[in-house]
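Structure record follows, encoded as structure tokens.
Bear in mind these aren't lab numbers, they're just calculated from the coordinates by the rules spelled out. Since the structure is predicted, the reported quantities are computational estimates derived from the model, not experimental observations. Cβ placement follows ideal geometry from the backbone for every residue including glycine, while neighbour counts extend to all protein chains displayed.
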Amino acid sequence: MPETTLADLAHEVRSKNAGPFWVTMELFMRDADGYRVAADETFLNERVIASLYHVDEHSIGIFRIPSLNVVKISFPRPVSQGSLRDRDMHAGQHHVPLARLVVPA
Amino acid sequence: MDKVRVLAPSGMLGAGWDHATVERGIALGADVISIDGGSTDSGPYYLGAATAKTTAKAVARDLRSLFTAAAGAGIPVIVGSCGTSGTDAGVDWVAGIAAEVLAEEGLDLKVARIYSEQDAAELKEHLGAGRVHPLPPLGELAAETLESCTHIVGAMGHEPIVEALRAGAQVVLAGRATDTAVAAAYPLMKGLPAGPVWHAAKIVECGGQCTDNPRAGGVLATIDADGFTIEPLDPDAACTPILVAAHMLYETANPFEMREPDGTLDVREAEYTAVDDRVVRVTGSKFHVADQHTIKLEGARVTGYETMSFSAIRDPLVLADIDEWAALMRALITQRVSQTLGLAAGEYAFDLRLYGHNAVLGELEPETGPPREVGVMLLVNAPDQPTATAVAKVANPLMLHLPTPSMDYLPSFAFPSSPAEVERGAAYEFVLNHVVDCAPLELFRIEFEGKTHA
């Protein structure tokens, strides 16, 4: 059986700038079951995000919002917006490594 | 007034909308039209160069829609962050377009311009007096950083806009303002409570984004003493509690709190209820007035000048070894630039991006499959434009012919245009994320034109 990813359990996974210095991402889960998976701190936590995005674990904020079945993640932009190394001006495509994270069986 | 209806036609002036949606908002009893004209979202260039992202024709078209509707209803129009970045040049650019539209339509409306551009020397005095504080992730500000900026703006709250409205302005063209201040100003002036006002302002700042069809036009927020309701201007679109609540997450680092110059919106206890199948009621929003009023600064400076070159690869032999090929390319560009131009690595910089392979995410890319075709972008940054272009020209033979280490012949790659080099001009970066302790009107200037007998 193929592995299940967070994207499979989500209605939408998105990323965006939150001002010039922060990236923010939201996992809009389809239902409460999907939310329980995404909100499980033993599965999705600061350490996992730090390794996916090569950012400092202590700079990451994770917000779990059960009323919306949403998990929101924010961290400082690792590459300065518009600089020579910035390939994603609006940080609009940075959700992909999070979206394809394989959930525990 | 026990109720104020704020019409938000779109998330950005110049984005366009169906004029019928604005007329519908007027028919629903709109008391004010507010729209955001800018953002930092598209990068530091627009502030650094004081240039708008939108085109004049689109801005004129949208202003015509708003001015004719507002003049007919006798209600004010408020535009924030004019010219994308809200520089003085941006305000004057929108004011010039507005004057033409008003003349063409035969409308006589009193226009206020609020300037938000800041002088580095004056900001240095604030810095010296300990009134400038960093916001994470930036640290303490150095005076030289202020001096290095080509443009600095302060993001105004509602107060300067209220000041202009009280002086009789029917059209307010504001420099840099918080996205929410443009929608919050009129209802706050009318005495409505700050919690519902700021929360409604956040929800309407992107126009129809909190509806099930964001392309169908804007929204109308009706604010009262206990909360607000929100509905789409297109009768076929709908707001739902989830969509409205979810908009509080959009482009915010913290989903529960949002800082404004005079305090903090707190939506932890907000409740979202469906009034019917397309209208939502929101209650429980709070606003905590801050002990100290602060204005957030934005500033951009030149990092150098860029030249871009773009080629493309379809040859499967090269694509099979694309990472090795790119590593060789980087090494040879550095070597040839040193040999030919005598430039050391620290005297210029370049980024080689393999579009179709891993250009967007770089080392974060999780997929490993072989690409079918790859666009090769070389982006060079140097202290001046001729040097950036010289580096790109030295790299050109490699961009055309570089074989992989295992090939024993010269391939020729696919340049999409001639000349191969595109000079991009100055490149910028944002360097300020700091607030200044100051009085609400202190950093802003208001000027009037047009009708003077208000």
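Under the rule of at least 5 residues apart or a separate chain, name every residue whose amide H is placed under 5 Å from the amide H of B:His293.
The list, which skips near neighbours in sequence, is B:Cys438.
Which order, highest average first, do B:32-42, B:171-181, B:210-220 follow once you tally other Cβ atoms within 10 Å for each residue and take the mean per peptide? Provide the component values of the computation, followed by the final result.
Numbers: B:32-42: 25.5, B:171-181: 28.8, B:210-220: 21.4.
With the highest mean Cβ count within 10 Å placed first, the list reads B:171-181, B:32-42, B:210-220.
Arranged from highest to lowest average of other beta-carbon atoms within 10 Å per residue, in what order do the peptides A:80-88, B:156-164 appear? The partial results should precede the final answer.
Numbers: A:80-88: 18.1, B:156-164: 25.6.
Going by the mean number of other Cβ atoms within 10 Å, highest first, we get B:156-164, A:80-88.
How big is the antiparallel share of DSSP beta bridges in chain B, given as a percent to the nearest 5?
Working: 70 of 85 bridges.
Among the beta bridges of chain B, antiparallel pairing accounts for roughly 80 percent.
Can you run phi through the Karplus equation (6.51, -1.76, 1.60; θ = phi - 60°) for region B:204-212 and list ³J(HN,Hα) in whole Hz, with x for Gly and Pro?
Values per residue, Gly and Pro as x: 8, 4, 9, x, x, 5, 8, 10, 7 Hz.
Once you have the Kirkwood Rh of the protein assembly as shown from its Cα pairs, apply Stokes-Einstein at 10 °C and 1.306 mPa s and quote D in µm²/s. List each step's numbers first, then the result.
On the way: Rh = 25.4 Å.
After rounding, the answer is 63 µm²/s.
Evaluate peptide B:296-303: per residue, the Cβ atoms of other protein chains within 10 Å of its Cβ; return the mean as an integer. Can you show the working numbers first?
Numbers: counts 1, 0, 2, 0, 3, 0, 0, 4.
So the per-residue partner count for this stretch is 1.
What fraction of the Cα pairs in region B:1-95, stated in percent, has a spacing above 22 angstrom?
29 percent
Go through B:Lys3/B:Lys296; B:Lys53/B:Lys202; B:Lys296/B:Lys393; B:Lys3/B:Lys110 and tell me which ones have a Cα-Cα distance over 32 Å in this structure. Write out the running numbers ahead of the final one.
Details: B:Lys3/B:Lys296 30 Å; B:Lys53/B:Lys202 22 Å; B:Lys296/B:Lys393 42 Å; B:Lys3/B:Lys110 25 Å.
Long pairs (Cα-Cα over 32 Å): B:Lys296/B:Lys393.
Applying the Karplus parametrisation 6.51 cos²θ - 1.76 cosθ + 1.60 with θ = phi - 60° to the phi angles of region B:355-362, what ³J(HN,Hα) value in whole Hz is obtained for each residue in order, glycine and proline being reported as x?
6, x, 10, 8, 5, 6, 9, x
For peptide B:250-260, compute the average count of partner chain beta-carbon atoms within 10 Å of each residue's beta-carbon.
Rounded to a whole number, the mean comes out at 5.
If you plug each phi of region B:124-137 into the Karplus form 6.51 cos²θ - 1.76 cosθ + 1.60 with θ = phi - 60°, what whole-Hz ³J(HN,Hα) values come out, in order, with x for Gly and Pro?
With the stated coefficients, region B:124-137 comes to 5, 5, 4, 4, x, 8, x, 9, 10, 10, x, 9, x, x Hz.
Average partner chain C-beta neighbours within 10 Å, per residue of B:105-117? Please list the in-between numbers first.
On the way: counts 0, 0, 0, 0, 0, 0, 0, 0, 0, 0, 0, 0, 0.
Going residue by residue through B:105-117 and averaging, the value is 0.
If each residue's Cβ is checked for other Cβ atoms within 10 Å, how do B:Lys3, B:Lys202 rank with the fewest at the top? Working shown, then result.
Details: B:Lys3 15, B:Lys202 24.
Taking fewest neighbouring Cβ atoms as first place, the list is B:Lys3, B:Lys202.
Give me D for chain B in µm² s⁻¹, whole number, from Stokes-Einstein with Rh from the Kirkwood sum over alpha-carbon pairs, 20 °C and 1.002 mPa s.
88 µm²/s
Enumerate by residue number the trypsin sites (Lys or Arg not before Pro) in region A:16-61 meeting two conditions: DSSP loop (anything except H, G, I, E, B), and at most 12 other Cβ atoms within 10 Å of the site's Cβ. Can you show the working numbers first?
Details: sites: A:Lys16, A:Arg30, A:Arg36, A:Arg47; in loops: A:Arg30.
Of the trypsin sites (Lys or Arg not before Pro), not one in the loops of region A:16-61 has a Cβ with at most 12 other Cβ atoms within 10 Å.
Starting from the amide H of B:Gln118, placed 1.01 Å from N in the peptide plane, find each other amide H under 5 Å away whose residue is 5 or more places distant or on another chain.
Here the answer is B:Ile152, B:Val153, B:Gly154, since their amide H atoms fall under 5 Å of that of B:Gln118.
Any idea what the relative contact order of chain B is, in percent, if you count C-alpha pairs under 8 Å spaced at least 6 apart?
19 percent
All other residues with a Cβ under 13 Å from the Cβ of B:Cys438 taken together, and with Lys, Arg as +1 and Asp, Glu as -1, what is their net charge?
Working: positive: B:Arg131, B:Lys296; negative: B:Glu122, B:Glu125, B:Glu159, B:Asp262, B:Asp437, B:Glu442.
Residues close to B:Cys438 contribute a combined charge of -4.
Can you check how the C-alpha radius of gyration of region A:1-76 compares to 2.2 N^0.38 Å, as a plain ratio?
Numbers: Rg = 12.4 Å, N = 76, 2.2 N^0.38 = 11.4 Å.
Ratio of Rg to 2.2 N^0.38 Å for region A:1-76: 1.08.
Run the numbers on region A:1-58 and let me know its relative contact order in percent, using alpha-carbon pairs under 8 Å that are six or more apart.
22 percent
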